[in-house]
Every structure is written in C-alpha cells, then in structure tokens.
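Single-structure report; data block below.
The values are calculated or read from the model by the stated rules, or taken from the named source; none is laboratory data. These figures come from a predicted structure and were not determined experimentally. Backbone-built Cβ (ideal geometry, glycine too); neighbour counts: all protein chains shown. Please note that ligands, DNA and RNA were not included when accessible areas were found on the heavy atoms of the full protein model with its side chains. Shrake-Rupley method; radii C 1.70, N 1.55, O 1.52, S 1.80 Å.
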Amino acid sequence: MPFRRITIIGLGLIGGSLGLALRRSGAVEEVVGVDQSAAVLERARERGLIDRGTTDPAAGVRDAELVVAAVPVGCFRGVLEAARGGLERDTVVTDVGSVKGPVHAEAEAVLGADALFVGGHPLAGTEDSGVEAALDRLFDGALCILTPASDTPARDRVKALWELVGCQVVTMDAEAHDRILAATSHLPHMLAFSLIRTFGELDDSDRLAQFAAGGFRDLTRIAGSDPVMWRDIALANSGPLLEMIDRFEDRLSELRRAIAAGDGPALQAFFGEARTLRRGLPPRAHEDEDNDDD
Ligand SMILES: NC(=O)C1=CN([C@@H]2O[C@H](COP(=O)(O)OP(=O)(O)OC[C@H]3O[C@@H](n4cnc5c(N)ncnc54)[C@H](O)[C@@H]3O)[C@@H](O)[C@H]2O)C=CC1
Ligand SMILES: O=C(O)C(=O)Cc1ccc(O)cc1
C-alpha cells in the first residue's frame, strides 16, 4: 500500500472529497477523519468518506503517516495546536488552504522550523460547502499547487497523495501562490459578492430577480460560497488582494469615464481587448481545446 494511515482534519467539501477519493483509490489502508462536529463525523462514515472518526485532533493524528488539515484558513493554527500532542517527528503535515504565506508561518510557529510541513492547495472546488457537498471526482484532472518549491522527501509524499486522487501537481513559493490566487480566485470572489450586493440593494431587486440573465448568474455563482471561508481568505491574503482590488478599480473607473464621455471608440477598444484576453485563456487543466464549456 502506498499509504498506511492518512488523517484528514475537517470533513467538508475538500476534506470529505479527499477522503472519498482516497478510499476509492484502494491505496490507503485507513483514512481517519477529525471534525469538531460529531454529526459531521457520523455523516462522513455513512457516506464512506472515512474509515473511522474522532472529535479529538491529537487522538486522530496518532500513528498517521500523513495529516491533511482541510479547515478554513482562520482555524488552521488552532487545529495544529490541538493536534500537536499526537504528531510524531516524522509525520508529514499538509493543508488545502486557499492562502499559503500565513499558513507556512503558523505551521512553523506551532510545529517548529524542522517539522515536515508542506503547503497544499487543490484548485478544485464549488460554491457549496459541508460534508454533504463532498464529491467523488472533485480532483480528477485538477491542478494542485504545493509550496514551497524546494524538493524534499516530505513534498514527494504530498505530491504522491494528490496524484493518487487525480491531480496534476505543480510547485511554487508561497508568495508567488498568494499573488497568483489573489488575481485568479480571490478578486473574482470579491467581485461576485459585490455584484450581487449591488443588485440586492436596488429597491425592487425581488421583482427584478426573475430577469437575472445567464451572464449575471455566471458571474455571481461563486457569491453562494461560504462566508467564513472567504472572510478568512480576505484577511489572510489582504496585501495581494488589495493590490488586485486597486487594479480592478482603475479599470472600472476607465470604463466609467468612457461611458460618461460617450466615447464609443474607447469602449469598443476596451471590450475588444477584453475579448481577445478571454478567448486566449488556456483550457482548464482537465479540459482539452474542444471542451471549454464554461
Ligand atoms: N471550497 C472550495 O471550493 C475550496 C476550499 N479550499 C480550502 O479548503 C479549506 C476547507 O474548505 P471547505 O472544505 O470548502 O470547507 P467546509 O466548510 O466545507 O468544511 C470545513 C470542515 O471543517 C470543520 N472544522 C472547522 N473548524 C474546525 C476545527 N477547529 N476543528 C475540526 N474541524 C473543524 C467543519 O466542521 C467542516 O466540516 C479552506 O481552507 C479553503 O480555503 C481549497 C480549495 C477549494
Ligand atoms: O467554485 C469555484 O469556481 C471556485 O473557484 C472554488 C474554489 C474556491 C476556493 C479555492 O481556493 C479554489 C477553488
């Protein structure tokens, strides 16, 4: 067996989907689940996401070869502190958080500089959360980013984990990760939240909702995501995210000026450049050129 025992802390969308995929792989002797909620653990067992579960992090990580923290970024430090007593020196610890710089700093503060911590972030998810949202094939063909870029045996183990569940693994520094994700994921979520709030503040938004067209629905799907998770991401990645918000405000102001001035050529140039950029996006990792269905 490639893995003897893997413990997943947090059995929501990501932790639950990982458990399901690992158990389906048949390459892990035992998947242990830890969650703060006994009801979630029971449901995780019923759904076949884990072999057994506990609400006690230190007991749950005992004898694990690999521990995966899959909780909101703001809970990471507390979870590590609670698990620390059960970890061995050679236990590899990783996470799935959407921000990596602060997570590395917290892992070092709690576990020490020589602990076997590798940051991880599967670029796969949905706007749904919780144990019921876990999906069998969530990670099939998705990219997974590991930080840092340096080559270590611990990183190889975490790479093997994500490849087992179908991910394509790439590595980079935490700082590069956080800047890229601010642009490609965190800013778009802030825009989706703001767009639907703008709509919701119209006096007659209830009546208008039936006219919400495809573009509005496409752009706001991710505004249905979990508020606690996004609070934590916005706070943890505030520097890069503020830079992206400033850049977006500049573009929106440019657009506003052109509309106010009735400047048709400027508008057409703006939209034309945007279309070229959108059509030039590479296909998603798990799609080929002919199957860009988004
Ligand atoms: N939702 C998404 O699409 C993606 C999320 N991520 C990251 O994955 C992590 C988890 O996100 P989701 O699975 O969506 O969250 P979720 O809300 O679906 O699941 C989180 C689980 O952790 C448990 N939990 C919370 N605090 C805990 C604690 N202190 N001790 C033990 N269990 C605790 C909750 O009971 C819940 O079952 C976050 O850090 C997020 O940034 C990464 C990629 C995609
Ligand atoms: O639902 C979507 O399209 C997402 O973008 C999900 C998502 C949320 C957070 C991440 O860190 C990665 C992926």
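Mean shadow of segment 2-93, computed from the convex hull of its alpha carbons, in nm²?
Taking the Cα atoms of segment 2-93, their convex hull projects to 5.2 nm² on average.
Rounded to two decimal places and with Rh computed the Kirkwood way over Cα pairs, what is Rg over Rh for segment 76-183?
We get a ratio of 0.96 for segment 76-183.
Which of rounded, prolate or oblate describes segment 165-208 when judged by the alpha-carbon gyration tensor and an a/c cut-off of 1.5?
oblate
Using θ = phi - 60° and the Karplus form 6.51 cos²θ - 1.76 cosθ + 1.60, what ³J(HN,Hα) does each residue of segment 103-108 get, whole Hz, x for Gly and Pro?
Once θ is set to phi - 60°, the couplings for segment 103-108 become 5, 4, 4, 5, 4, 5 Hz.
Given a 1.4 Å probe and every protein chain left where it sits, what share in percent of the accessible area of the chain is carbon and sulfur?
Exposed carbon and sulfur together represent 52 percent of the surface.
Based on the mean of other Cβ atoms within 10 Å per residue, sort peptides 221-228, 53-60, 272-279 so the most packed one is first.
Packing proxy ranking, top to bottom: 53-60, 221-228, 272-279.
At what distance in nm do the modelled label points of D246 and L267 sit from each other, each positioned 7 Å from its Cα along Cα→Cβ?
So the two model labels end up 3.0 nm from each other.
Please give the per residue accessible area of the chain, computed with a probe of 1.4 Å over protein heavy atoms only, in Å².
53
Please list 3J(HN,Hα) in residue order for segment 248-255, calculated via the Karplus relation 6.51 cos²θ - 1.76 cosθ + 1.60 where θ = phi - 60°; whole Hz, with x for glycine and proline.
Taking θ as phi minus 60°, the curve returns 5, 4, 4, 5, 5, 5, 4, 5 Hz for segment 248-255.
Compare L87, L281, L219 in a GNM of the chain, Cα atoms joined below 10 Å, and give the one with the largest fluctuation.
Residue with maximal mean-square fluctuation among L87, L281, L219: L281.
Got a sec to turn the phi values of segment 7-20 into Karplus ³J(HN,Hα) couplings, 6.51 cos²θ - 1.76 cosθ + 1.60 with θ = phi - 60°, whole Hz, x for Gly and Pro?
10, 10, 9, x, 10, x, 3, 7, x, x, 5, 5, x, 4
When the dipole is taken about the Cα centre of the chain, and only Lys, Arg (+1) and Asp, Glu (-1) are charged at their Cβ, what size is it in debye, to the nearest 20?
Around 180 debye, computed over the chain.
Can you pull a Stokes-Einstein diffusion coefficient for segment 176-279 at 37 °C (0.692 mPa s), Rh from Kirkwood over Cα pairs, as a whole number of µm²/s?
210
I'd like the distance between the alpha-carbon centres of segment 118-171 and segment 176-215, rounded to an integer number of Å.
Cα centroid of segment 118-171 versus Cα centroid of segment 176-215: 27 Å apart.
Give me the net charge of L267's neighbourhood, meaning all other residues with Cβ under 15 Å from the Cβ of L267; Lys, Arg count +1, Asp, Glu -1.
+1
If you split all Cα-Cα distances of segment 26-146 into 5 Å bins from zero, what percentages do you get per bin, shortest first?
In order of increasing distance, the bins hold 2, 10, 20, 24, 23, 16, 6, 0 percent.
So what is the calculated 222 nm ellipticity per residue for the chain, using -39500 (n - 2.57) for each DSSP H run with n of 4 or more, over all residues, to the nearest 500 deg cm²/dmol?
Computed mean residue ellipticity for the chain: -14500 deg cm²/dmol.
Can you check what the net charge comes to around E88, using other residues whose Cβ is under 15 Å from the Cβ of E88 (Lys, Arg +1; Asp, Glu -1)?
Surrounding charge for E88 is +2.
Between rounded, prolate and oblate, where does the chain land on the alpha carbon gyration tensor, with a ≥ b ≥ c its root eigenvalues, rounded for a/c under 1.5, else prolate if a/b exceeds b/c?
Cα axes put the chain in the prolate bin.
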